[in-house]
Amino acid sequence: MSKPILVLDNVCMYFGGLKAVDNLSFTVNEGEIVGLIGPNGAGKTTVFNCITQFYKEYTGDIYFINNDVKKDLRDIKVTEIINQGLVRTFQNVELIPDLSILDNLLIGAHNQYETGIISHILRTKKAREEEQVLKEKAYEILKFLNIFELKDFYVKGQPYGVMKKIEIARTLMSNPKMIILDEPAAGLNDRETDELENLIYEIKKKFNTTILLIEHDMGFVMNICDRIVAINFGKFLAMDTPKNIQKNKDVQEAYLGSDA
Amino acid sequence: MKILNQIENFFGTLSKRLTKHPIVPFLIFGFVIASIGFLPHTGFIRWGTMGIYAYIVIFTVVAMGLNLLLGFSGLISLGTAGFVGAGALGLGVFMNMGIPFEIAALLVLIIAGSIGALIGLFSLKVEGIYLAIATLFVGEILRQIYTQVEIFGGQAIRIGTVRFLGFINLSMINQTQRSFLFLIITILMVLMMIIMHNIVKSKTGRALMAISRSQHAAQAMGISLLKYRLTAFILATLFATFGGIMYGLYFQNVPTTAWTLDLSLFVIAMVVVGGLKSIYGTFLGVFIIHGVPNLWLKNVFGDISYIFSGILIILVIIFYPYGFIYIWYDLKKIYFKYKARWSKKKVTDHE
Ligand SMILES: Nc1ncnc2c1ncn2[C@@H]1O[C@H](COP(=O)(O)OP(=O)(O)OP(=O)(O)O)[C@@H](O)[C@H]1O
Ligand SMILES: [Mg+2]
C-alpha cells in the first residue's frame, strides 16, 4: 500500500560551520499527510529549501517518485521543480501584493501556458481561450477555499488568514502531486486554524495530493498528520504516528529541555 | 416584432461588447490626441507648439518601456536616451543609404533589441545600484558614438521627406503633411499602448511582477529570473528605439547631441511623476514633465521652469509615491464613498 513519493537519504546542509541539516533521512508515502516538527532553528525550513532546490549545496540525495519514475531532484532546476508535481508555500507569505488575488493564482499556472508573448500581444483566439480555461480553474479553487468574492482585490491589505489561503490556492493551480507547506497555521486564530485543518483534509481528498507540512501548533499537527518526523539541531529524532511521537522520550526532551 | 427584438438584441450586445472591450478607451484616447494635430488649421493652437505635442506622444512610448522595467520588473536603466537616439539616428543612417522607411525601422529595432538582450544578460550578474551604473555607461558609450563616429555626421542627420508605406510622401515642412505625420505617430502610440496593455495583462506581465516582488515565489512557481529579466530589458529597449523611430519619422532631422544622461533622467521622472505601472499615468507624466514647462511655464519663467519639475517630483515622492495618476483613483474612491452615503441617506429619508 505504501508507495514512497519523497525520499531523503542522508541529507546534510551546512551554512559555514553551522550544520543546519545533519544526516537526515526519511520517506514520505503517497497520499500521506506528514508533519515535520522541531524547535525553532531546528532546520525545518532548510530541509524544505533543499527539497525544492533553493539550496543545491546539500550532500546526500533527495528523490521524488512520480508515476513510478524516480528522479534525483538535484538534477532539476529550482524553476523546474513545480513541473515535477512538487510545489511549496513559504513561512513568510510570498505573494505579489500589487496583483489581484486571481492574478496571483494565475502565476501558479505559469508553466501551463502554451501560447507565447506574441499571441498574447495579438490576443489570438487560442491565447484568450487558454487564459479563460485557467481563469475558470482558478475560480473553482477560490470557491473551494471560500474566497471567490475577493478574487479581484489586491493581495495587499488582505487579512493574514486570507493571504495564507491564497498561497495554498496558488499551489493548487499547478496540479500538484505533492504540496509542502511551511507553517500554514502560523498567525491564524483558533477558528481559522480549525478551518485550515478541514481544508487540508479536503485538499488531500479532492486533489489527490500528498502533503508535507511544518507546523509549531502541536494540536494541529497531532490532529491532522498520519505520521510525524521530529528533528532537532538538524538531526533526525523520530518518525512515527502522532500518538507515539508524543510518547517519544527524545522528542519530549527536545521540546522541554533535558530535565523533563 | 420578433425580428425587431432580435435586431435590438444584436445591437445591444454589440454595443455592450464594444464598450467593454479593453482597447476601446485607447482608441478614444488616440482619437482625442490625434485631433490636436489638426487644431492648428483652425487657429486654436499655434503651429509652433505642435512639436511639443509630438514630443509628448513620442516620449509616452519611450517612458512606457521604462515603466515595464521600473514599475513592473523593479529594474532600472539610465541608458534610455541612448536607445531613443539609436532609433532616430539609426533610422536616419539607413534611410540615407536608400533603404525604405519600414525596412530601416525594422533593422534598427532588431539591432537595438539585441543590445537590449545583452544588457539583460549582464543584469543577471549585477543588482541595484551597480546595474544603474552599468546602464549609465551603456548610455554614455552610445552618446559618444553618436557625437564622435563619422557616419552619424556631425551635428544632425537629415532624413527629409519620408515615403510612408511606399506611396505617401510626408514632409514635416508642409503643414497638411505635418498633421498627417502627427496622426501617424499618434496611431503608433496607441498601438504601443495596446501592446503594453496586452503584455502587462498576460502571463509575461505577471511574471515580470513576480520576479520583482518575490524572487522566491517566482522561482517556486517556475518563473525563470533569467528569462524575464531578459524580456524586460528587450521590451524596454524596443519601446525606446520605437520612440526614436517615431522621432525620426516626425521631426525628420535628428540631432546627434541630444541623447544625454539628462534625457534618460527626464524619462525616469516622467514614469515616477505620472504613474508606475500605469499606461495613462505614463502619458500624464510625460505631459507634466515635458508639456507643462514647454507649453506654458517657459513663456513666463524661462529656463527656470524646470524648477517646477523638480518641485513636482519631490511632491510626488512625498504624497503620491506611485505617481500622480493615483490621485484619480483616490478621487474615484471619494466619489463612491459619497455616492454610497448619499443613497443611504435617501433610503433613511424614506423611512
Ligand atoms: N541562509 C542562511 N544562512 C546562514 N544560516 C542560516 C540560513 N538559513 C538558516 N540558517 C540557520 O540554520 C538553522 C536552521 O534554520 P531554519 O530556518 O531551517 O530553522 P527552522 O526549523 O525553520 O526554524 P523556525 O521554526 O524558526 O522557522 C538556524 O540556526 C538558522 O539560523
Ligand atoms: Mg522555518
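Laid out as a table, the results:
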{"read-out": "Under-5 Å amide H pairs with A:L213, H placed in peptide plane, nonlocal only", "value": "A:V34, A:G35, A:L36, A:L181"}
{"read-out": "Within the protein assembly as shown: Cβ-based charge dipole about Cα centre, in debye rounded to nearest 20 (Lys, Arg +1; Asp, Glu -1)", "value": "1940"}
{"read-out": "Per-pair calculated FRET efficiency, R0 = 30 Å: A:M218 and A:D152 via Cβ, rounded to 0.05", "value": "0.20"}
{"read-out": "Amide H contacts under 5 Å for A:K19, placed H, 5+ residues apart", "value": "none"}
{"read-out": "Among B:187-196, B:208-217, B:267-276, the order from most to least packed when residues are scored by Cβ within 10 Å on average", "value": "B:267-276, B:208-217, B:187-196"}
{"read-out": "Cα long-axis angle, helix A:125-144 against chain A (0 to 90 degrees, to the nearest 10)", "value": "50"}
{"read-out": "Amide H contacts under 5 Å for A:I231, placed H, 5+ residues apart", "value": "A:I37, A:G38, A:L237"}
{"read-out": "Potential extension, B:T42-B:K337 segment - 0.36 nm per residue separation minus Cα distance", "value": "102.0 nm"}
{"read-out": "Whole-number Å³ per residue for the convex hull built on Cα positions in the protein assembly as shown", "value": "253"}
{"read-out": "Relative contact order computed over chain A (Cα-Cα under 8 Å; 6+ residues apart), in percent", "value": "27"}
{"read-out": "Order by protection proxy (mean Cβ within 10 Å, highest first), peptides A:19-25, B:155-161", "value": "A:19-25, B:155-161"}
{"read-out": "B:Q144-B:K227 pseudo-label distance in nm [points 7 Å out on the Cα-to-Cβ vector]", "value": "3.7"}
{"read-out": "Karplus (6.51, -1.76, 1.60) ³J(HN,Hα), θ = phi - 60°, over segment A:68-78, in Hz, Gly and Pro reported as x", "value": "6, 9, 9, 10, 7, 5, 4, 6, 10, 5, 4"}
{"read-out": "B:L121-B:D330 pseudo-label distance in nm [points 7 Å out on the Cα-to-Cβ vector]", "value": "4.6"}
{"read-out": "Between helix A:190-207 and chain A: long-axis angle, C-alpha atoms, 0 to 90°, nearest 10", "value": "70"}
{"read-out": "Under Karplus coefficients 6.51, -1.76 and 1.60, residue-wise ³J(HN,Hα) of segment A:3-9 in Hz, glycine/proline x", "value": "9, x, 10, 10, 10, 9, 10"}
{"read-out": "Centroid-to-centroid separation of segment B:46-65 and segment A:145-187 [C-alpha atoms, Å]", "value": "44"}
{"read-out": "³J(HN,Hα), Karplus 6.51/-1.76/1.60, whole Hz, each residue of segment B:29-42, x for Gly, Pro", "value": "4, x, 4, 5, 5, 4, 5, 4, x, 9, 5, x, 4, 8"}
{"read-out": "Chain A: calculated mean residue ellipticity at 222 nm from DSSP helix runs of at least 4, using -39500 (n - 2.57)", "value": "-10500 deg cm²/dmol"}
{"read-out": "Cβ-derived FRET efficiency at R0 45 Å, A:N189 paired with A:S25, nearest 0.05", "value": "0.80"}
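Bear in mind these aren't lab numbers, they're just calculated from the coordinates by the rules spelled out. Since we're looking at a predicted model, the values are computed, not measured. Cβ atoms come from the backbone with ideal geometry, glycine included; neighbour counts cover every protein chain shown.
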